[in-house]
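Here is the structure we will look at, set down as structure tokens.
The values are calculated or read from the model by the stated rules, or taken from the named source; none is laboratory data. Because the structure is predicted, anything quoted here is derived from the model rather than measured. Don't worry about glycine lacking a Cβ; one is built from the backbone with ideal geometry, like all the others, and counts go over all protein chains shown.
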Amino acid sequence: MIEQFDFIVIGSGLGGLLCSLKLARQGRKVALITKRGIAEGATAQAQGGIAAVTTPDDSIEDHVRDTLNAGAGLCHEETVRTVVEEAPSMIRELVELGAKFTSSKNASDETEAYDLGLEGGHSHRRILHSRDSTGREIQRALLENVHREKNISVFEHQVAIDLITGPKLGLSEEDGCLGVYVLDRLSGKIRTFMASGTILATGGAGKIYLYTTNPDVASGDGLAMAYRAGARLGNLEFVQFHPTCLYHPQAKSFLISEAMRGEGGILKTADGAPFMHKYHPQKELAPRDVVAQAIDQELKKRGEDCVYLDMTHRGEAFLKSRFPAIYERCLQFGIDIARTPIPVVPAAHYFCGGVLTNEWGETSVPRLYAVGEVAYTGLHGANRLASNSLLECAVFAHRAVQRALEGLTPLPRTSVPDWDSGNAKGSDEQVVISQNWDEVRRLMWNYVGIVRSNKRLFRALRRIRLLQQEIQEYYWNFQVTSDLLELRNIALVAELVIRCALARKESRGLHFNIDYPLENTVFQKDTVIQGPHAPEVMEPIFQDLPKPKSEVIPRP
Ligand SMILES: Cc1cc2nc3c(=O)[nH]c(=O)nc-3n(C[C@H](O)[C@H](O)[C@H](O)COP(=O)(O)OP(=O)(O)OC[C@H]3O[C@@H](n4cnc5c(N)ncnc54)[C@H](O)[C@@H]3O)c2cc1C
């Protein structure tokens, strides 16, 4: 049976929730499909906050410049300007929807004002936050609204498998994306959803790496589905490693917020010596890639497992009130951060690249939009400025919905076949899946990590292709499960990252290759890769950046 809606939104983080809400409030019927519980995703874990210019001593120009500086020459300047200019109104909208950002009283005139955080790469305090649980607070507010909205049907524990596109049904490419096949994790059945527009809001792909700050759902499903549907993907080699993930055997992906360095945290080696002054004049507040590379270098040089973030000088009262969640969580692991420096290591954190979109969230496949971390809008370039990603989700949710509503056309009349399981049977060796999961993630960590080399990248490519073959075989022979679908996706995304990293013969932003240690203007372009008519021959190409309409701000 086909389930028919006006729009399908895949993913229930900030991107997906806001899109669903906006569409529903325009009277559209929305299927909000999410692969686990509705609150699971990176949004719930975002600690630091959301960047926007909200005070007179800050300026749009400065926020634009900081974003461009972080992006190392690859940001689409027009997109940056749009996002930064629309940020204050998006903040107002989130507040109207019920999100509460931390504020404090001004000592001199008793007026209430947002308590603004400072993070690496920002020239001003401009991060709005809800203590250290900003994403959770925004999500709470949006969920309250979503649950009240009768035009939204929420489908939890439903894993989108593949997009249904015109060419797959014998129609033309212009017919674009018509729907999606979905695995019901509870019944094991495959469902078919159809709609005039589909919005991918599936988040990132941190799970392709062994160590990551990302939640389990971040297996790059949206990237893989879009690639298999023939969409263009951009700049996948730019993976941000967060410098400070808690290092503790029982702590699974717990992030120590960048805001801690904004509040005076000092990075030290095991012997108590600070080291960031050796790497960057801004020391702990240098951009994330510089901090992550510095830690990586110190660890490799000294053969140690972790470095330490020292917050002890800020005192218990301040730490408890400003970072209550981090304080509590560390205490659960026996670390009193008011008295002991916090052991930290870098971990894969954010996918700067993604499904290529224009400034309205439209992908290269008609009727398919991408919003949030799954998208490459041109905002982040070669490196993301901290706290710009929640902002990007909000601004592009707004823009994609606006465009989707304008361009809504009925689906072509066609019959859609049910999912064909062929002769697939139940898996006889679950261990193949867990073994391959581990292999993909380990090879990405060891060969395609913070510091890369041609030798390691080629080695990674050879191995991932072998693994891909084995996984594909398994995929066709056995009934799909959520683990198998995710494995198929992480393997594909890993391969795309490797191929893009090999194509970029320079070092820029988050991509550092010791065989090409310098930036090269020849590569001041987007890496674009497109699937999958003949995936083995579709090598990445380099595409010129869009020309900004306004004056270019020089990078100091
Ligand atoms: C620990 C951590 C801290 C962060 N801190 C900040 C911060 O302070 N400020 C900031 O700006 N950014 C921060 N980020 C980044 C930011 O949180 C994310 O980029 C942003 O929340 C992404 O939102 P999203 O809506 O795109 O995806 P997500 O919030 O990740 O949601 C993705 C959704 O898609 C669903 N999904 C995925 N695949 C499928 C599928 N196949 N079928 C159905 N559903 C699917 C998931 O279940 C989930 O609901 C942080 C990220 C992490 C991990």
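Taking the conditions exactly as written (among the basic types (K, R), buried (at least 20 other Cβ atoms within 10 Å of the Cβ) and either within 24 Å of V355 (Cα to Cα) or touching a strand residue (DSSP E or B) at 6+ places or on another chain (Cβ under 8 Å) (or both)), does R452 satisfy them or not? Here the answer is yes, as R452 does meet what is asked. Any chance region 151-165 includes a residue that's assigned to a helix (DSSP H, G or I) and either assigned by TED's automatic domain parsing to the domain that holds F7 or at pLDDT 95 or above (or both)? The answer is no; no qualifying residue exists. Against the test of being within 14 Å of the ligand (Cβ to nearest atom) and free of Cβ contacts under 8 Å to residues at least 40 places away in the same chain, the options E137, E112, E85 yield a single qualifying residue, E137. Scanning region 283-297 for residues that are within 20 Å of T212 (Cβ to Cβ) and in contact (Cβ under 8 Å) with a residue 60 or more places away in the chain yields P287, R288, D289, V291, A292, Q293, D296.
Taking region 199-212 as the region of interest, how many residues are outside any loop (DSSP other than H, G, I, E, B), under 14 Å from N489 (Cβ atoms) and within 12 Å of the ligand (Cβ to nearest atom)? Even if it seems obvious, please write down each step before you answer.
Let us first name the residues in region 199-212 that are outside any loop (DSSP other than H, G, I, E, B), namely 199-200, 206-208, 212.
Imposing the further condition that a residue be under 14 Å from N489 (Cβ atoms) reduces the set to 200, 206-208.
In the following step, the residues that additionally are within 12 Å of the ligand (Cβ to nearest atom) were identified as 200, 206-207.
Final tally of qualifying residues: 3.
Considering G265, G230, which residue is away from the ligand (no atom under 14 Å from the Cβ) and crowded, with 24+ Cβ neighbours inside 10 Å?
Working: G230 fails: crowded, with 24+ Cβ neighbours inside 10 Å.
Result of the check over G265, G230: G265.
A quick yes/no check of all residues on (1) closer than 23 Å to S364 by Cα; (2) part of a strand (DSSP E or B); (3) within 9 Å of the ligand (Cβ to nearest atom):
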| position | (1), (2), (3) |
| --- | --- |
| G179 | yes, yes, no |
| G197 | yes, yes, no |
| N214 | no, no, yes |
| P243 | no, yes, no |
| A251 | no, no, no |
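For L236, the stated conditions hold: it is in a loop (DSSP other than H, G, I, E, B), modelled with pLDDT of 95 or more and either in the same structural domain as H124 (by TED's automatic domain parsing) or buried (at least 20 other Cβ atoms within 10 Å of the Cβ) (or both). Listed by first and then second residue, the pairs with beta-carbon distance under 7 Å, at least 6 apart or on different chains, first residue in region 298-311 and more than 15 Å from M260 (Cα to Cα), second surrounded by fewer than 16 Cβ atoms within 10 Å (Cβ to Cβ) and of a type in the set (G, A, S), are E304/A270. Using the structure shown, decide if A400 is assigned to a helix (DSSP H, G or I), aliphatic (A, V, I, L, M) and touching a Gly at 6+ places or on another chain (Cβ under 6 Å). The answer is yes for A400. Against the list (1) within 14 Å of the ligand (Cβ to nearest atom); (2) part of a helix (DSSP H, G or I), the condition A24 fails is (1).
Evaluated against (1) surrounded by 14 or more Cβ atoms within 10 Å (Cβ to Cβ); (2) touching a residue at least 60 places away in the same chain (Cβ under 8 Å); (3) more than 18 Å from L223 (Cβ to Cβ); (4) of a type in the set (D, E), E506 falls short on exactly one condition, (2).
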